[in-house]
Every structure is written in C-alpha cells, then in structure tokens.
C-alpha cells in the first residue's frame with residue numbers, strides 16, 4: 001500500500017515476476033474493469049468502491065502461493081488475509097512530479113501530497129494490522145524498488161521455511 005505515486009504497481013509487478021507462485025491484483029484496475037464501484041465521485045475524482053463486491057471477489061481469488069494486493073489503502077481488508085503489509089513512502093520532491101505526470105487536478109495532487117506528508121496510509125496500516133507485519137519502505141528510486149523486492153523475496157523464503 002502507499003499514497004498514489006509511491007511505486008506500488010512498479011514494485012508489485014517486479015515482485016510478481018520474480019515470485020511466480022504469487023498473483024498480482026491491481027485493485028484499481030479490477031474495480032474499473034469489473035465495475036466494482038457505485039459510480040464516480042466528482043469531488044474526489046475517484047470511483048466509489050463497492051467494498052462488499054471487492055471483498056467477495058478477492059476472497060474468491062485466494063489461492064496457494066498468495067496474492068500481491070496493490071492498492072492505496074489498507075483498512076478495507078481483513079487482517080487474516082495478510083502475512084505482510086508493505087507501506088511504500090516517497091520523498092515529496094520525488095512524489096510531486098510523479099503525481100503531476102498523471103495529470104491530476106491541483107486539488108487531487110494537493111490531497112495526495114498532504115496524505116503522504118501526514119503519513120495517512122502508514123497510520124491506517126498500523127491501525128488495521130499487527131505492528132510486526134507492517135513494514136515501511138522507501139520507494140524513491142528504481143534501486144529502492146529493486147532492493148525492496150529482494151527484501152520481500154528473502155522474507156517470503158524465511159516465512160515459507162518457518163511455516164512448513
């Protein structure tokens with residue numbers, strides 16, 4: 001999880017490519033493609049999520065090997081679904097141009113920058129899940145993302161060894 005623009009999709013795609021037993025689910029695309037929403041919120045410039053449908057769909061997707069759920073929030077999901085919750089963070093000077101490149105409105109851009117500054121997503125994750133499974137990772141550069149992927153792969157190997 002992480003504020004939009006922190007590199008979630010990039011990291012998840014890389015992780016899924018290196019961990020073929022895991023399935024990458026980009027929730028924003030799933031919501032849009034399967035119309036798992038209740039319309040468009042003009043004020044916030046986003047879909048109004050149909051949370052029950054999303055949870056039902058993700059429940060059906062659960063399979064051995066696991067899911068990599070790619071989304072900008074964490075509080076929606078049951079704690080029992082996750083063994084690890086990664087919160088990607090980016091420096092403001094790096095995040096701002098990333099968000100600008102998405103052609104966000106000034107309001108949406110400001111809202112997302114404020115969310116990152118106030119560590120809203122990190123706090124939500126810490127409130128929603130056990131402290132020991134929530135990991136904050138820097139995601140400013142390609143090297144950061146590559147390092148994070150390697151760190152997660154090592155964690156996965158250790159987790160598998162511990163749970164045989």
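Side notes on the structure shown:
- Choice from 127, 91, 60 showing the highest fluctuation, given a GNM over the chain with Cα pairs closer than 10 Å: 60
- Max mean-square fluctuation residue, GNM over the chain, Cα-Cα springs under 10 Å, options 113, 36, 61: 61
- Ellipticity estimate at 222 nm from DSSP helix runs (n ≥ 4, -39,500 (n - 2.57)) divided over the chain, nearest 500: -15000 deg cm²/dmol
- Sequence-distant contacts, meaning Cα pairs under 8 Å at least 6 residues apart, place the relative contact order of region 8-156 at 28 percent.
- Of 67, 84, 55, the one that fluctuates the most in a GNM where the chain has Cα springs shorter than 10 Å: 55
- Normalised convex hull volume, the chain, alpha-carbon set, Å³ per residue: 118
None of the figures in this text is laboratory data; all of them are computed from the coordinates on show. Source: prediction; values computed, not measured.
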